[in-house]
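Only the coordinates and a few stated rules stand behind these numbers; no lab work does. If you're wondering where the values come from, they're calculated on a predicted model, not measured in any experiment. FYI the Cβ positions are ideal-geometry reconstructions off the backbone, even for glycines, and counts take in every protein chain you see.
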Amino acid sequence: MSSAVSKPEAVKASDVAQDGEEARAGGPGSTGASSREGRGGALLRKVFSGNALVSVLSVVVALVVGAILIVATDKRVANAAVYFFGRPTDTLEAAWEAVSTAYGALLRGATFDPSAADPAGRFGVFETLTQATPLILAGLAVAIAFRAGLFNIGGMGQIIAGAAAAAWVGYSFHLPAVLHLPLVILAGFAGGAVWGGFVGWLKAKTGAHEVIVTIMLNNIALFILLFLLRGPMKAPGGNQPVSAPVLDSAMFPKLLGGAFRLNWAFVMAVAAVVGAWWLIERSTIGLKIRAIGSNPAAAKTAGMLVSRGYITAMLIAGGMAGLAGAGQIAGTERTLDDNIAGQLGFDAITVALLGRSSPWGTFWAGLLFGAFRAGGQAMSVQADVSIDIVLIVQSLIVLFIAAPPLIKAMFGLERRTRREKKATKTTTKAEAR
């Protein structure tokens, strides 16, 4: 396996050396500037083509459809539309005002609003990062499973398992913060890993489909949580099904003081992204996961244990979701209740799809959906627009990303790709002559 990895690296090294010698020799088309220009052009073509371009266009089209819905539901536009044939400009102005006001409030709520009275409302970017933290971690859980060819829609159950384990450790033990918080993080990862690893084990040993198994385990985790909150984990003296609050020593410290909810769980999420990137792209385990996800039969022929790869991928994926649960408990919520996972498990699928199952893509997609969450409240209050519009936009993004031919057909990308392939083929034939 090591020889298979080293040969491409050797080829790349020799190519780089040859390019450098040609540039120093001053051969035609080989100057340093032109070499940089060629590399830069190739990078731009890579970024603004294929999957990356489809993701960007999916967001743009979803926002356009959202703007149409805003116009269609705005009362001022409806009143102006009555006189459309007599005064069409009034309708257009009302439509523009409705869309610009709504999306302006969304942007300010997610980034910076100088008119807000309190610091938390003024610096919405910090709330965006707070909202993005569990989305990034849960998105990694889906993305890592995707790379192994598994559809992990069990984020809800894995988040619940991680949150329950983290909450129990957080309020049961009296330890110094330097020990308590890492133990809470470890408990959250372990809880999610066990719940996700069980899915991988069933897939490996019995061939059970992971979609069915994860759906069932989501319900099982929820009902177990309800039992725990009404029994062993119920807060003493309370009537509500919630756990005791996590001790101060088990809480993530605030990053920017008490005015903002942003805490060190976001730093944990960034570290998880870096770790997931290294694991998938640079480690032997990641190579096996990618090989199994691309072609399990070929991976098995190459001597890889496909069953072990499924278990490993789901252990890691479940652990990432468990970290999302730990971040919720020890970062913002402090107590465990039956809504601790919310819609995170399903929003994570959207984040992973938009991020094209890459760790850094998932990171940026998590930030985008964190901005939707933070800015959606501001849009609802300031522009009197239903927050459901934001949910519709998110759903449309999923729709368009899940159907890339639709986006490519809308913008003529398929025709351009065919023209480029035809031109490349013609050039290749000409050079062969």
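If the only charges are +1 at each Lys and Arg Cβ and -1 at each Asp and Glu Cβ, what is the size of the charge dipole of segment 194-287 around the Cα centre, to the nearest 20 debye?
Magnitude of the dipole: close to 120 debye.
Would you please give the residues with an amide H less than 5 Å from that of N263, counting only those at least 5 places away or on a separate chain, with H modeled from the backbone geometry?
Amide H to amide H, under 5 Å and 5 or more residues apart or across chains, N263 pairs with L255.
Could you put S357, S249 in order, starting from the residue whose Cβ has the fewest other Cβ atoms within 10 Å?
S249, S357
Would you mind giving the average projected area, over all directions, of the Cα convex hull of segment 288-341 in nm² with one decimal?
4.6
Which distance in nm do the two modelled labels at A297 and E431 give, with both placed 7 Å along the Cα-to-Cβ direction?
Distance between label points: 3.4 nm.
Applying the Karplus parametrisation 6.51 cos²θ - 1.76 cosθ + 1.60 with θ = phi - 60° to the phi angles of segment 189-202, what ³J(HN,Hα) value in whole Hz is obtained for each residue in order, glycine and proline being reported as x?
These are the phi-based 3J(HN,Hα) values: 4, 5, x, x, 5, 5, 5, x, x, 5, 5, x, 5, 4 Hz.
Per-residue HN-Hα couplings for segment 311-320, Karplus 6.51 cos²θ - 1.76 cosθ + 1.60 at θ = phi - 60°, whole Hz, x for Gly and Pro?
My calculation for segment 311-320 gives 5, 4, 4, 6, 4, 5, 4, x, x, 5 Hz in order.
Using Cβ contacts closer than 10 Å as the measure, can you line up H209, H174, H180 from fewest to most?
H174, H209, H180
Could you tell me what fraction of 2.2 N^0.38 Å the Cα radius of gyration of segment 156-281 comes to, as a two-decimal ratio?
Normalised by 2.2 N^0.38 Å, the Cα Rg of segment 156-281 equals 1.21.
No solvent, one uniform scatterer per C-alpha: report log10 I(q)/I(0) for segment 237-296 via the Debye equation at q = 0.22, 0.30 1/Å, two decimals.
Relative scattering, expressed as log10 I(q)/I(0), comes to -0.90, -1.12.
Using the structure shown, list the pairs from K203/K288; K203/K408; K203/K234 with a Cα-Cα distance above 27 Å, or answer none.
K203/K408; K203/K234
Sort R122, R108 so the one with the fewest other Cβ atoms within 10 Å of its own Cβ comes first.
With the fewest neighbours first, R122, R108 line up as R122, R108.
For L391 and F411, what is the calculated FRET efficiency with R₀ set at 25 Å and r taken between the beta-carbons, to the nearest 0.05?
The value I calculate is 0.50.
Along the charge dipole of the chain, Cβ charges K/R +1 and D/E -1, which of G355, I215, A204 sits furthest on the positive end?
A204
Treat each spin label as a single point 7 Å out from the Cα along the C-beta direction, and report the H209 to L175 distance in nm.
So the label points at H209 and L175 sit 4.2 nm apart.
Quickly work out the L399-to-L256 label distance, labels modelled 7 Å from Cα along the C-beta direction, and quote it in nm with one decimal.
With each label point 7 Å from Cα toward Cβ, the separation is 3.5 nm.
Would you compute, from DSSP H runs of 4+ residues alone, the mean residue ellipticity of the chain at 222 nm, taking -39500 (n - 2.57) per run and dividing by the full residue count, rounded to the nearest 500?
Calculated from helices alone, the mean residue ellipticity at 222 nm is -25000 deg cm²/dmol.
What are the principal axis extents of the Cα atoms in segment 300-433, in Å, biggest first?
73, 52, 19
Indicate the gyration tensor shape class of segment 182-223 (rounded, prolate or oblate), computed on the Cα atoms with a ≥ b ≥ c the square roots of the eigenvalues: a/c under 1.5 is rounded; otherwise a/b larger than b/c is prolate and the rest oblate.
Since a/c reaches 1.5 but b/c is at least a/b, the shape of segment 182-223 is classed as oblate.
Any idea what the relative contact order of the chain is, in percent, if you count C-alpha pairs under 8 Å spaced at least 6 apart?
Dividing the mean separation by the residue count of the chain yields 27 percent.
Placing +1 at every Lys and Arg Cβ and -1 at every Asp and Glu Cβ, with all other atoms neutral, what dipole size does the chain have around its Cα centre, in debye to the nearest 20?
Computed charge dipole of the chain: roughly 1620 debye.
Shape verdict for segment 52-120, please, from the Cα gyration tensor: rounded (a/c under 1.5), prolate (a/b greater than b/c) or oblate.
It is oblate, given that a/c is not under 1.5 and a/b is not larger than b/c.
What whole-number value in cubic angstrom gives the convex hull volume per residue for the C-alpha atoms of segment 258-364?
115
Charges only on Cβ, +1 for Lys and Arg, -1 for Asp and Glu: so what's the dipole of segment 80-123 about the Cα centre, in debye to the nearest 20?
60
List, in order, the whole-Hz ³J(HN,Hα) value for each residue of segment 174-182 obtained from phi through the Karplus relation with A = 6.51, B = -1.76, C = 1.60 and θ = phi - 60°; use x for Gly and Pro.
Taking θ as phi minus 60°, the curve returns 10, 9, x, 4, 5, 9, 5, 4, x Hz for segment 174-182.
Along the charge dipole of the chain, pointing to its positive end and built from +1/-1 on Cβ of Lys, Arg, Asp and Glu, which listed residue (W364, L150, A190) has its Cα farthest out?
So the residue furthest toward the plus end is L150.
If the chain between I285 and V270 were fully stretched, how many nm would it gain, using 0.36 nm times the residue separation less the Cα-Cα distance?
Roughly 3.3 nm would be gained on extension.
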